[in-house]
1. When you go through C:HIS126, C:HIS65 one by one, which is the residue that is within 14 Å of chain A (Cβ to nearest Cβ) and not hydroxyl-bearing (Ser, Thr, Tyr)?
2. Counting residues that are of a type outside the set (Lys, Arg) and without any contact (Cβ under 8 Å) to a residue 60 or more places away in the chain, which helices (runs of 4 or more DSSP H) fully inside the stretch A:29-110 reach at least 2?
3. Restricted to the stretch B:175-202, and to residues that are of a type in the set (Gly, Ala, Ser) and part of a helix (DSSP H, G or I), which residue is modelled with the lowest pLDDT?
4. For the stretch C:345-373, enumerate the residues that are outside any helix (DSSP H, G or I) and either surrounded by fewer than 21 Cβ atoms within 10 Å (Cβ to Cβ) or aliphatic (A, V, I, L, M) (or both).
5. Just give me the residues in the stretch C:291-328 being out of contact with any strand residue (DSSP E or B) (no Cβ under 9 Å at 6 or more places or on another chain) and of a type in the set (D, E, K, R), in sequence order.
6. Can you tell me which of (1) surrounded by fewer than 23 Cβ atoms within 10 Å (Cβ to Cβ); (2) within 11 Å of chain C (Cβ to nearest Cβ) is the one B:GLU259 doesn't meet?
7. Which residues, taken from the stretch C:38-50, are within 8 Å of chain A (Cβ to nearest Cβ) and out of contact with any His (no Cβ under 9 Å at 6 or more places or on another chain)?
8. Collect the residues in the stretch A:119-150 that are of a type in the set (Phe, Trp, Tyr) and farther than 16 Å from A:ARG217 by Cα, keeping them in residue-number order.
Amino acid sequence: MLPPDLPLVDHHCHSVLGGDLSAAAFARLLTESDRPPAPGTDYLDTQLGFAVRRHCAPLLDLEPHCPPEAYLERRRSLGAAEATRRLLRAAGLRTLLVDTGLVEVPGAGPLLSLPELASAASAEVHRVVRLETVAEEVAQGWVSARSYGDDCVRALTGAVQDAGTVAVKSVLAYRHGLDVEPDRPSEAAVAHAAGEWLAQLDQHGGPLRLTHPVLLRHLLWTAVDLGLPIQLHTGFGDPDLTLHRADPSLLTGFIRAVEPRGVPLVLLHGYPYHRQAAYLAAVYPHVYADVGLTLSHSGARAGAVLAEVLEVVPFGKVLFSTDAYGLPELYPVGAALFRHALAGLLDGWTADGSWSAADADRVAALIGGANARRLYALPGR
Amino acid sequence: MLPPDLPLVDHHCHSVLGGDLSAAAFARLLTESDRPPAPGTDYLDTQLGFAVRRHCAPLLDLEPHCPPEAYLERRRSLGAAEATRRLLRAAGLRTLLVDTGLVEVPGAGPLLSLPELASAASAEVHRVVRLETVAEEVAQGWVSARSYGDDCVRALTGAVQDAGTVAVKSVLAYRHGLDVEPDRPSEAAVAHAAGEWLAQLDQHGGPLRLTHPVLLRHLLWTAVDLGLPIQLHTGFGDPDLTLHRADPSLLTGFIRAVEPRGVPLVLLHGYPYHRQAAYLAAVYPHVYADVGLTLSHSGARAGAVLAEVLEVVPFGKVLFSTDAYGLPELYPVGAALFRHALAGLLDGWTADGSWSAADADRVAALIGGANARRLYALPGR
Amino acid sequence: MLPPDLPLVDHHCHSVLGGDLSAAAFARLLTESDRPPAPGTDYLDTQLGFAVRRHCAPLLDLEPHCPPEAYLERRRSLGAAEATRRLLRAAGLRTLLVDTGLVEVPGAGPLLSLPELASAASAEVHRVVRLETVAEEVAQGWVSARSYGDDCVRALTGAVQDAGTVAVKSVLAYRHGLDVEPDRPSEAAVAHAAGEWLAQLDQHGGPLRLTHPVLLRHLLWTAVDLGLPIQLHTGFGDPDLTLHRADPSLLTGFIRAVEPRGVPLVLLHGYPYHRQAAYLAAVYPHVYADVGLTLSHSGARAGAVLAEVLEVVPFGKVLFSTDAYGLPELYPVGAALFRHALAGLLDGWTADGSWSAADADRVAALIGGANARRLYALPGR
C-alpha cells in the first residue's frame, strides 16, 4: 500500500455538485454515456459503480457494497455538504488542477466554485483554462470573421493571466478528432474558417459548439504561444467522440511541430490507447501521459491497466489524476484505486526483485505528485 | 468456479460436423486460417489446440493432454455420434443461437441440421439469419438490377419469419471492412450497385460472394427495418478480412445512425479490439459486446482477455458465446474456458473486496445467459 | 525457470560498442528516443533501466539495483573488454543474427565487427542485410535514375551472397510507414521515383536517407525475388516513425501479395500492436512474429506482454530476440527477461493444468531457438 500520507496532486479534475443527488443523477454521473441505460440494464453495474459502493460507503459509515438505495439515503440524511466534505477529504489530495470549462451538470445543478471546492477538499486549487470554452464565449459577443482569430488570442491571453492558472486544455478529440493538420493555420485560413462557422451559427442558432478544425488548431497554436502546458483529451470519453479518431498517435504530427517550442503536451486518459500515449511520452521530451479517467472506470482492473501504462513510459513522465466530474465520490474512488493499483504493482515488482524498494518509493512519489509539481511549476514540495 | 448448473446461453454459434474427422480436418478446424500450416508447424500447437486436449480428452475417457493421435483414435472408436453427443452435452448449454449461414465444412462434409444439433446438445435451438447468405441466394435466381434491392428485402423479411429466428448477422467485416458509409443507401444507389455486381457475376461466374459495400449497407438497413438484433462480426477471423478494417470503432457512424431506431447491435468477438467494443457497449444503449471466439482462441489466456472486456462494459451489455463451428469440441472448450475464466476473475475480485459476492453471482448470471434472454427475447428464465 | 542451458537463438540484434561508456551514452542507449531527457527526468527511470540495474550489476560483481554511478565506475575499472565479454556471455546465446545496417552509435563510437562480436559472445554469428542501407550505398556512387532500380537489384543480390547472410531486413516503418501500395512497382515507376529522389539529393546534399515509398517497395520486391526471409520493423521504435503507421496490420495487402511466393515475412517487435502481429502469424503460413524489443523495454512487465503475444499465435511461429544495439547490457537483459517471462507463463499454465509439462518444454524450445533454426535454415540443432 502507498503511504496514506503520500501527498497526491490531481492534475486533471473538475468541480462537483454540492447538493443532494437523485438516484438517476447518481447513476448518470457514473457513466461516460449521456444516454439513458438500455432496457433492463443499470449504469451502476460497472467496475466504477462497484468501486464507488466499495470505497465510498465506509466513508458514510456504511458497509462496503451496501445497496445503492441505502447509500443514497444515508447521503441525504448526512446532508450533501457533510457527505461532500467527507468524500473529498478522504481522497487525500493536496492539490487539484481544475478544468473550469464545465460549470454545471446539465439537469442536476451548478458545480461548486473553486473556493468552495478548495474548502470542501481542504486542498490547494489551481485552474486549467479550456480553450474551446473561451473561444465559444468570444463568439457569443459581437464578432467579425476577420477579427475572430485575434479576439480568441486576446481572450485566451487574458484568461491565463488569472491568478492560479497553470495549464490549458483542449477537447479537440470531442470536437473533431485528433486527426488534424499539424501546422499552425494561416491568418487567412482562420478568418475564412471563422466566416464559415459564424455564418453557420447565424443560420442555426442553438448552443455554441466550436467544431471547425481550423479554428480548433488556431486555439492550439495560440496555446503554444502562451507557453503553459497543454492538456489534450485522448482516448475514451462520452459518445461525442469517435474512439479511433481519439488515438493519441494521431497527434504525432502536431507533437513534432510543437517540439522546437518546448511547450509540454499532456495526453489525458488515452484508454484503450494508453500504451500509445506512454510511447509518445517515452520518445518526445515535451510529451506526458495521464492515467486518470482510465483507472477510475476500470475499477478492480485499475492495477492491470496502470501496469500497461508503466511498460514503456519513463516514470518522470506519467501523472496521477481522478478526472472527477460532478460526483464527489469520484475523488476518493479515483484516489483509492490509484493508491491500491500502484501499491499492488510496486509490491509485486519489489517482491520478485525486479525493482528495488527505494526505486519503488521514488517512483510512487513521482507519479503521485512530484511530476505534476515540476511540470506545472506548482508551489510546495 | 461458476456453478456448473449455471444455464448458459450460447448466443452465437454454428452447427457441427456429425461424422468422423480426419487428423487434417481436426487441425484445420482449430484455426481461423484456411491455409495449410507453415512447414514444420502444426495448428494444434496453439492455446486453442492445448485447450481442446485438456478439456475434451477426459470427456472421451482419456487423460487430459493425451496425444492428438490417441484422441482421434478414441473418438473414432467411440463413434462420431457418441463422441459428438458427449462433447456437446458436456458444454452445459441450455440454449443455442445458431448462425445458419454456413451449412458445411468445405471438404469435410455437411453440418448437422438444427434439430440434429438440438438433440445432440440437449439444448433449445434458435436461428440467426445471415444477411449476405440470403442476398446471395437471391442473386442465384433470375434477378434484375432494378429489382434486386427489393428482392433482398422480400427474401430477408421472409427468412426472419421462420419460426425460431431471433436475430440476423452481418459479415460486413469479411466482405468489405467496417469502414463503410453509415447511412442507408438510396434506391438508385442500390440499383446501380446491383447492376455493377450482377454484371461482374455474369462475366466471372464462380461462387457468389457479395462484396459490394452499397449492397452490404442495403442489407444492414433492411435488417434495421426488420427490428431484430443485428450481430456484426468484428475483430479477428479468417484471413478474408483485413484486421484493422474490422475494428468495431469504425462502425461508430453506423451505430449513431441506427440509434434512433433502437435496434440492438451486437459486436461479435472484437479481438484485439475488444476494449473498443466494450467502450461502444458502454456509451450506446443499443450496443452489446460478445466474448466468444476471443476466449476460445486464447485458451489459457481467456481470463486475461475477458478481464479486458470487463473494464468499461456495463455488465448488462456483455454476452457469452462459443462461436463453435464444425468441430463439436469447440462447444465444451468454449464453455469451459468461459466458466473458468469468469470464475477466476470473480473469485479474485471478491477475495480482495473489490466486489461483493452477491454482485459476482448476479454478474455471472447476466453474462452467462440473462443478458441474452433479455436481448433476444428468449423464452425461459 | 527455463533450463539455463536452453540454447537461445537471437534472431534479431545489432552489434555493440566495445569501449568505455559515458553516463550520457549509457542512458541514451536505454531509450528509443534520440532526444535529451525532459528537464528533471532520467532515461534510467524506466522498466528497461531498472532491468539493467537488476540483471547486469551482479554480472559485474555488484548488488542488484546498485546506483548507476557505481555500476559505470565498476564497468570502467573492469575494463570495457572484460565487461563486454562478461555481459555478452551471460546472455547464454548460441547464435546471433545481426542486422549490419548500423555500424556505429553516433557520437559514441563504432560497433564491434561481427568476428569481434562472435568472439566476445562466444556465439555463432550470421548476417542480416538491411535493404535500405544497401540502396543508400548504391546512391552514393554515380548513378542514373534509369538504372538505379537495377543497380539496387545487383547490389542486393551481391550483398546476400556474402557468407553467413541468412535474411534481409526492411525499415519501411521508419522511412515511410507500413501503409504502402502492396504490389511490385513497375520499372517505369521505379525509374521515375529514382529521378525524384536523386534530384532531391542533388539539391539538398546531406546524409542519404531513402524515404521514397516506390523505391522502398522496389527493395521489398527485390528481396522477395532473393527468397531469404524478410524481417520487417513494425510497432514502436525511435521517433522517426509514426506509431499508428507502424501497425503490422497495414502490411496485410503486401502479405497477401507475397503469399504465393512463399517467402517468409518476420514481423519484428510489433508493440503495442503485437496482438495484431500474432494474428497475422496465425492466419498466413509465411508470416512470423518476434518478441524482441518489446520484452526488453517492458522489463518487469515482459511476462504480461509476452502472454499477449501467445494468445493466438501458433507456437511454431514466434521467435525470441533481444534487438540489442550498442549497449552490451541489452543482450543479457533481453535474454534474462525472456527466460523469466516465458518460464513464469509456462509454470503458471502447467500448474493450473492448462498445459502439459511436455508441451511447455517443447514450446520453450521452439520459441527459444528451434523456430529460428528452421526458418533461417541455420546449422545445428
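1. Among C:HIS126, C:HIS65, only C:HIS65 is within 14 Å of chain A (Cβ to nearest Cβ) and not hydroxyl-bearing (Ser, Thr, Tyr).
2. Details: elements: A:47-56, A:68-78, A:80-90.
Answer list for the stretch A:29-110: A:68-78.
3. So in the stretch B:175-202, the residues of a type in the set (Gly, Ala, Ser) come out as B:177, B:186, B:188-189, B:191, B:193-195, B:199.
Remaining after also requiring part of a helix (DSSP H, G or I): B:188-189, B:191, B:193-195, B:199.
Details: B:ALA188: 97, B:ALA189: 98, B:ALA191: 97, B:ALA193: 97, B:ALA194: 96, B:GLY195: 95, B:ALA199: 88.
Result: B:ALA199.
4. Of everything in the stretch C:345-373, those that are outside any helix (DSSP H, G or I) and either surrounded by fewer than 21 Cβ atoms within 10 Å (Cβ to Cβ) or aliphatic (A, V, I, L, M) (or both) turn out to be C:ASP352, C:GLY353, C:SER356.
5. The answer is C:ARG301, C:GLU308, C:GLU311.
6. Failing condition for B:GLU259: (2).
7. Listed by number, the residues that qualify are C:PRO39, C:GLY40, C:THR41, C:ASP42, C:TYR43, C:ASP45.
8. A:TRP142
The values are calculated or read from the model by the stated rules, or taken from the named source; none is laboratory data. Source: prediction; values computed, not measured. All Cβ positions, glycine included, derive from the backbone under ideal geometry; neighbour counts span all protein chains shown.
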